[in-house]
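Single-structure report; data block below.
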Amino acid sequence: MGPPEARSGPTRVAPGPGGRPGSRPGAGMHRAPPRAHAGCVTARPDSGGPAPDATARALARATASAVEALGGHAGGVYLRTGTRGLLLLATVTGLPGPLFRPWWRMHANRPYPVAEAYRSGQAVHLPDGEAAMRRFPQLMAGLPFPFGSLFEPVTAGPERFGVLMVLRPATPGVAVGAADRQRMRSAADALARDLAVLSAAGDPVLWEGDPLTVPSPTAAAGDAREAVDRLEDAVLSVDRQGRIGFVNAAAGPLLGLSADRLRGQLLWQALPWLGHPAYEDHFRGVYLSGEPVHFTARGTAHPSGDWLAVGVFPGPGGLTLTISAGEKPAYAPESVGRPGAGLGSPADRASALYRPVALAIALTEAVTARQVSAVVTDELLPAFGGRQLAIYLLDERHLHLAWETGFPQGFLNRFDGVSLDVRLPGVETLTTGRPMFFESMQHLAAAYPGIPLDADVGARAFLPLIASGRPVGSCILGFDQPRGFSPEERTVLTALAGLIAQALERARRYDSEAALARGLQAALLPHRLPVLQDVDTVGRYLPGTVGMDVGGDWYDVIPAGGGLLALVIGDVQGHGVAAAATMGQLRSAVRAFALSGNTPAQVVRGTNQLLIDLDPGQFASCCYVLLDPATGHALAVRAGHPQPLLRHPDGRTEVLDLPGGVVLGVDAGGDYPVTELELEPGAVLALYTDGMVEIPGTDIDEGVERLRASLAAARPSPLTETADRLVSEVGTIADRPDDIALLLACRTGSPA
């Protein structure tokens with residue numbers, strides 16, 4: 001199905017049998033709309049060329065056969081139009097057309113399964129809502145119901161005609177089988193052959209107008225009529241096009257309409273209050289998922305009161321509705337919305353239905369569980385007027401409190417660590433997979449006698465957090481006042497709970513990888529630096545604050561023999577376990593080359609060749625300085641790394657202009673020139689990675705100048721204090737994407 005984009009202009013309704021308004025809008029090819037009779041489609045013939053109803057018959061035949069072959073309850077065909085990239089729903093069966101009008105149009109570049117099947121030429125099979133949520137969250141935001149769907153492109157050679165669609169009950173955790181895939185493909189191929197013949201005969205095979213409704217079998221009342229007529233409740237049988245068939249004796253008096261005025265009418269025309277936006281999603285869910293629903297509706301025709309209890313029970317042939325006198329809800333009627341006539345405009349409801357879209361976008365950027373919880377607090381609560389939020393995460397068979405806000409301090413501690421066999425709403429919403437809404441605290445107390453309550457007045461929503469069929473935890477939303485939850489709010493909250501669960505599942509994987517990477521990096525970085533005469537050294541490392549919090553930055557101080565000291569700093573591209581592992585290999589390689597008595601140029605060239613041979617798919621920068629602490633003479637080599645800083649004893653600080661080669665791991669024949677330096681007693685050499693000088697939104701040269709000025713302003717003090725001060729100035733930046741590594745070396749000896 002496609003996005004909620006309603007067509008402009010009035011809907012054309014063709015007359016049905018007996019002169020009554022039909023359930024399907026007119027459709028097709030700039031000609032008079034064809035009529036459907038018992039599964040076959042006919043249309044007025046046109047002279048010269050193919051019969052005008054040939055395309056309609058081929059589409060209707062393919063739709064009916066595909067739905068029957070796949071055991072579906074609904075289906076249709078999207079066909080190309082005269083507008084490039086635009087598809088229109090040409091035929092539909094098993095669904096009332098007007099109820100799904102927002103999904104009649106589909107652009108081929110949209111992120112929906114119909115568009116992807118048409119655009120890619122590949123079938124899209126979605127066994128359940130979880131699969132659809134993972135691949136097409138935009139679809140499930142508008143249709144958050146458990147149903148399976150199959151989309152098969154209709155192509156003949158290079159020519160793409162459209163997409164065949166079948167909807168059927170969900171099969172959670174069970175992929176679409178090979179036999180069903182073949183049946184779907186066969187039905188699409190048969191339709192493609194028919195359309196190719198029409199195209200070769202001069203028919204452009206383009207669709208214009210509204211979809212053609214292909215009738216589906218209706219459920220017959222049979223001998224049960226007398227039994228049903230004994231009921232005091234109204235009982236209506238509605239086919240899959242939304243037309244009322246059977247009506248029992250109690251329906252007329254209860255609804256204020258005679259049986260003759262009900263039979264044969266569209267449900268929403270006969271009972272316009274059921275077409276209000278507050279109740280539409282209930283019917284969408286029934287038609288798509290095949291699961292019954294119950295809700296309270298406000299029916300203005302009821303003689304003894306406004307409120308009616310409605311039950312909707314789906315089956316292969318249609319729906320059974322039961323309607324009885326109901327009680328006024330505990331919340332104010334305005335919280336659901338005042339009744340209106342007819343089906344509401346999707347454009348009028350777009351802002352209310354999709355107002356939490358900011359949450360969905362923000363969740364894609366949240367990495368840790370704490371970030372996910374903060375996003376839910378900032379985006380979800382204001383969108384629905386909530387005041388309290390709690391998130392519990394599942395650990396084996398116990399729920400542990402991961403985040404809370406708005407509850408009395410310590411109130412939720414008693415529920416921390418509860419097992420899955422305890423009867424609590426936060427537990428049962430997860431074990432059953434069913435969201436639970438309590439419109440007042442009295443309703444919550446009645447459903448769970450003896451449960452501790454944090455307030456006497458309010459409302460609560462308990463949402464299951466399930467990702468890819470795996471339970472993740474549960475979410476509790478609290479409201480300060482009693483309130484109703486409209487169908488739109490319930491469906492949006494349920495869909496968003498799935499997105500929250502997926503974000504938390506990603507956060508769990510992130511936490512596991514981050515813990516592994518942190519441990520790996522801690523093991524690979526030097527635990528302490530050597531203590532030598534004539535020189536002091538201090539190293540600092542600080543992880544980034546955005547994304548994965550470990551990276552490939554490293555430093556090292558290596559006694560190279562003969563009284564010489566090697567100072568090394570480097571930065572491996574990227575973050576995570578792979579970057580940390582590559583960093584460990586490079587640090588070991590540099591240490592091995594240095595201890596073997598190699599010159600600085602040989603050390604860097606050997607490390608470059610090693611990284612190329614390892615081929616980890618990463619590159620690294622490096623700065624290597626070989627220092628004689630006794631004389632202050634140094635040899636420096638730079639491989640794509642930021643220029644070092646040198647603070648002279650008088651405080652004058654300069655950015656060293658060292659010629660350098662390319663980064664390591666790119667060019668096996670790279671040349672790395674050597675520069676001679678002289679460090680006076682009291683001089684400080686600063687080696688650092690780009691995280692020290694790269695700040696989002698500023699130029700790197702500004703960062704280098706800021707670091708140079710900070711080093712110049714450092715008072716004569718222990719080198720550890722200087723290092724801490726330099727790192728702290730950068731470490732307080734909130735959105736710092738990269739890691740920080742800093743190595744300071746201060747020559748303390750007397751002049752030679």
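The values are calculated or read from the model by the stated rules, or taken from the named source; none is laboratory data. Since this is a predicted model, take the numbers as computed values, not measurements. When we count neighbours, we look across all protein chains shown, and the Cβ atoms used for this are built from the backbone with ideal geometry, even at glycine. Heavy atoms of the whole protein, side chains included, go into the accessibility calculation; ligands, DNA and RNA do not. Shrake-Rupley method; radii C 1.70, N 1.55, O 1.52, S 1.80 Å.
See the values below:
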read-out	value
Matching residues, region 175-191, being among the polar types (S, T, N, Q) and open to solvent by 60 Å² or more (accessible area, probe 1.4 Å)	Gln182
Per-region count, region 232-258, residues of a type in the set (Gly, Ala, Ser), free of Cβ contacts under 8 Å to residues at least 60 places away in the same chain and open to solvent by 30 Å² or more (accessible area, probe 1.4 Å)	3
Considering residues of region 429-450 that are within 33 Å of the chain's Cα centre (by Cα) and open to solvent by 50 Å² or more (accessible area, probe 1.4 Å) only, the residue nearest to Arg470 (Cα to Cα)	Thr431
Subset of region 625-646 (residues that are in a loop (DSSP other than H, G, I, E, B) and either under 14 Å from Val557 (Cα atoms) or among the hydrophobic types (A, V, I, L, M, F, W, C) (or both))	Asp628, Pro629, Ala630
Number of the condition not met by Pro204 [criteria: (1) modelled with pLDDT of 90 or more; (2) within 20 Å of Tyr118 (Cα to Cα)]	(1)
So Phe619, is it open to solvent by 10 Å² or more (accessible area, probe 1.4 Å), closer than 30 Å to Thr368 by Cβ, without any contact (Cβ under 8 Å) to a residue 60 or more places away in the chain and not aliphatic (A, V, I, L, M)	yes
Qualifying residue in region 416-424 (condition: open to solvent by 40 Å² or more (accessible area, probe 1.4 Å), touching a residue at least 40 places away in the same chain (Cβ under 8 Å) and at negative phi)	no
Lone qualifier among Arg434, Arg414 - being modelled with pLDDT under 90 and part of a loop (DSSP other than H, G, I, E, B)	Arg434
Only one of Ala455, Ala447 that is small (Gly, Ala, Ser), free of Cβ contacts under 8 Å to residues at least 24 places away in the same chain and touching a strand residue (DSSP E or B) at 6+ places or on another chain (Cβ under 9 Å)	Ala447
Residue, surrounded by the most Cβ atoms within 10 Å (Cβ to Cβ), within region 117-134, restricted to residues that are closer than 16 Å to Ala188 by Cα and not aromatic (Phe, Trp, Tyr)	Ala117
Lone unmet requirement of (1) closer than 24 Å to Ala580 by Cβ; (2) open to solvent by 10 Å² or more (accessible area, probe 1.4 Å); (3) among the β-branched types (Val, Ile, Thr) for Val693	(2)
Criterion (surrounded by fewer than 20 Cβ atoms within 10 Å (Cβ to Cβ), on the phi < 0 side of the Ramachandran plot and of a type in the set (A, V, I, L, M)) met by exactly one of Val457, Val472, Val492	Val457
Residue satisfying all of: in region 135-173; polar (S, T, N, Q) and not in a strand (DSSP E or B); least open to solvent (accessible area, probe 1.4 Å) among these	Thr171
